[in-house]
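Sharing a structure with you now.
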Amino acid sequence: MPDGRDETPRRDLPRGLAVFCAQFAHRFPRVEPRRRMSAYVHGLLGGLERTNGWTLAEAAGETGPEGMQRLLNAASWDEDGLRDDVRDMVVRAVGDVWQGRLIVGDTRFLKRGDRSAGVTTGVSADTGRPENAQTGIFLAYASEAGGGLIDRELHLPREWTDRRDRCRAVGINDSVRYQSPPDLARAMIGRALDADVPFAWVTAGEPYGRSGHLRSWLEERGVPHVVEVPGNCRVSTANLEVRPASEVIDALSDTVWHRLSHVDDVIGSRVRDWAAVDLHRAGRQYGNWLLAGRSITNPSDVTYHLCFGPVGSILSELARVADGRQAIEECLQSARNQADLGNYQVRRYQAWYRHITLSMVAAAYLLILRRREVNRDVDDLSQVRPVRSRPNAVAPWW
């Protein structure tokens, strides 16, 4: 219902941002939330000290926070459809069917109370003190041209899903059940596959790589991947011995290690020593490897990765993919710093998804602006539209 205030934000948007946001109009059935979405994104890009209903309303020229709060909590619009449009725009900007990567990662959002959806208490890696936080699981797309966030899920621990009354209080439907972070990663990768996103590899860190269910699912779908695993992860070697990954790598001679450097626009330059061991063959088209990366200044700093990909994949390619996992950290940090990804004050389940999705819209806008600087032939943002099908290219491995 109208609240007696002008529903149209009174401050004009920059023309480029207005044109960009107009691409998402079909996700908003009514004009009021459609216009307010543009103002919200503008506020996220405005470098506000704090992002909440009041500060965003003031930035939009409104006299109260009700409109911005309604946008996140009650207005009718399709946040999942908007997420898909953001994914398509990121892929249109930096997509590469041969070198594109899907990268899984996560980040914690600190919260003061314990009533926000999914919040738990844990020891902070930064302060060493117990702190309340929500955990967001993200999927990024990256190539040598850049990268951006394309999907998101809020992790709900069992202490939430086992208490349905607590879930209902923040708008979590009874149909939402417990899913582990690897389960959520699989759902996001599945959506990218269903959308024909053009990529060559999936990569993820140790919390996901240690999930045998996720690795098996990727192999069953024929998805090439490089995932980090702990050193005590047991692997089946080519002669069918089952040994910890660290023991297999420790047995290698120094001659099989190669110093490689990788450079791209997202992670910059990085130099490490790399070695790979053939494992059992998954099939005639695919192979499995145990990959290790070692610091050149601290030889005891070793990372282990299980790899699945086309037979003939070379060491430098596997190492490039493993190193490229850092791109999601850059995407998350950029979205935090420039698009207020974690600077929010919402408690309800849907409101979290809506804020995060709008932050992804803002981050995608900045990504496309950067690509415009590189590709001067793109005259204006009206030419950047969601892709509806995979670009014409030779089909990737799956």
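The values are calculated or read from the model by the stated rules, or taken from the named source; none is laboratory data. Small disclaimer: the values here were computed from a predicted structure and weren't measured. Cβ sites come from the backbone with ideal geometry, for glycine too, and all protein chains shown count toward neighbours. Surface accessibility is based on the protein's heavy atoms, side chains included, excluding ligands, DNA and RNA. Shrake-Rupley method; radii C 1.70, N 1.55, O 1.52, S 1.80 Å.
Where residues in segment 128-151 are closer than 30 Å to residue 88 by Cβ and among the hydrophobic types (A, V, I, L, M, F, W, C), which of them is surrounded by the fewest Cβ atoms within 10 Å (Cβ to Cβ)?
Residue satisfying both the conditions and the ranking: 145.
Does any residue of segment 103-113 turn out to be within 28 Å of residue 190 (Cβ to Cβ), open to solvent by 10 Å² or more (accessible area, probe 1.4 Å) and of a type outside the set (D, E, K, R)?
Among the residues of segment 103-113, at least one is within 28 Å of residue 190 (Cβ to Cβ), open to solvent by 10 Å² or more (accessible area, probe 1.4 Å) and of a type outside the set (D, E, K, R), which makes the answer yes.
Let me ask something else about it. From the list 317, 247, which one is open to solvent by 70 Å² or more (accessible area, probe 1.4 Å), of a type outside the set (Phe, Trp, Tyr) and either touching a helix residue (DSSP H, G or I) at 6+ places or on another chain (Cβ under 6 Å) or in a helix (DSSP H, G or I) (or both)?
Answer to the check: 247.
Here is a follow-up. Cβ-Cβ below 6 Å, separation at least six or inter-chain, first residue in segment 66-88 and within 24 Å of residue 188 (Cβ to Cβ) and modelled with pLDDT of 95 or more, second open to solvent by 30 Å² or more (accessible area, probe 1.4 Å) and in a helix (DSSP H, G or I): which pairs?
77/27; 78/27; 81/27; 82/27
Hey, another quick one. So the check is Cβ under 9 Å with 6+ separation or different chains; which pairs have a first residue in segment 25-49 that's farther than 17 Å from residue 351 by Cα and a second one that's among the acidic types (Asp, Glu) and not in a loop (DSSP other than H, G, I, E, B)?
Listed pairs, sorted by first residue: 26/85; 48/58.
Additional query: If I filter segment 256-269 for residues that are outside any strand (DSSP E or B), out of contact with any Gly (no Cβ under 9 Å at 6 or more places or on another chain) and open to solvent by 20 Å² or more (accessible area, probe 1.4 Å), do I get at least one hit?
Yes; the residues of segment 256-269 include at least one that is outside any strand (DSSP E or B), out of contact with any Gly (no Cβ under 9 Å at 6 or more places or on another chain) and open to solvent by 20 Å² or more (accessible area, probe 1.4 Å).
What number of residues within segment 152-175 satisfy the criterion of being basic (Lys, Arg), surrounded by 14 or more Cβ atoms within 10 Å (Cβ to Cβ) and under 26 Å from the mean Cα position of the chain (by Cα)?
Total satisfying the criteria: 1.
Are there any pairs, at least 6 apart or on different chains, whose C-beta atoms fall under 6 Å, with the first in segment 151-180 and over 30 Å from residue 101 (Cβ atoms) and the second aliphatic (A, V, I, L, M) and open to solvent by less than 10 Å² (accessible area, probe 1.4 Å), and if so, which?
Partner pairs satisfying both residue conditions: 170/117.
Quick check: is even one residue across segment 352-364 touching a helix residue (DSSP H, G or I) at 6+ places or on another chain (Cβ under 9 Å) and open to solvent by 50 Å² or more (accessible area, probe 1.4 Å)?
No, segment 352-364 contains no residue that is touching a helix residue (DSSP H, G or I) at 6+ places or on another chain (Cβ under 9 Å) and open to solvent by 50 Å² or more (accessible area, probe 1.4 Å).
For residue 212, only one of the following conditions fails: (1) modelled with pLDDT of 95 or more; (2) surrounded by 15 or more Cβ atoms within 10 Å (Cβ to Cβ). What is its number?
The single condition residue 212 does not satisfy is (2).
Between 343, 288, which is crowded, with 16+ Cβ neighbours inside 10 Å, over 14 Å from residue 206 (Cα atoms), polar (S, T, N, Q) and free of Cβ contacts under 8 Å to residues at least 24 places away in the same chain?
Of the residues listed, the single one that is crowded, with 16+ Cβ neighbours inside 10 Å, over 14 Å from residue 206 (Cα atoms), polar (S, T, N, Q) and free of Cβ contacts under 8 Å to residues at least 24 places away in the same chain is 288.
Take segment 295-305 and flag every residue that is of a type outside the set (S, T, N, Q) and either open to solvent by 50 Å² or more (accessible area, probe 1.4 Å) or farther than 23 Å from residue 144 by Cα (or both).
Within segment 295-305, 296, 299, 301, 302, 304 qualify.
Residue under question is residue 92, and the condition is that it be of a type in the set (D, E, K, R), in a helix (DSSP H, G or I), touching a residue at least 12 places away in the same chain (Cβ under 8 Å) and surrounded by fewer than 18 Cβ atoms within 10 Å (Cβ to Cβ); does it hold?
Answer is yes for this residue.
So, one more: Kindly indicate the residue of segment 320-335 that is touching a residue at least 40 places away in the same chain (Cβ under 8 Å) and of a type outside the set (A, V, I, L, M) and also surrounded by the most Cβ atoms within 10 Å (Cβ to Cβ) among those meeting that condition.
Within segment 320-335, the match that is surrounded by the most Cβ atoms within 10 Å (Cβ to Cβ) is 331.
Test of understanding: among 125, 57, which residue is open to solvent by 50 Å² or more (accessible area, probe 1.4 Å) and without any contact (Cβ under 8 Å) to a residue 24 or more places away in the chain?
After ruling out the rest, the residue left standing is 125.
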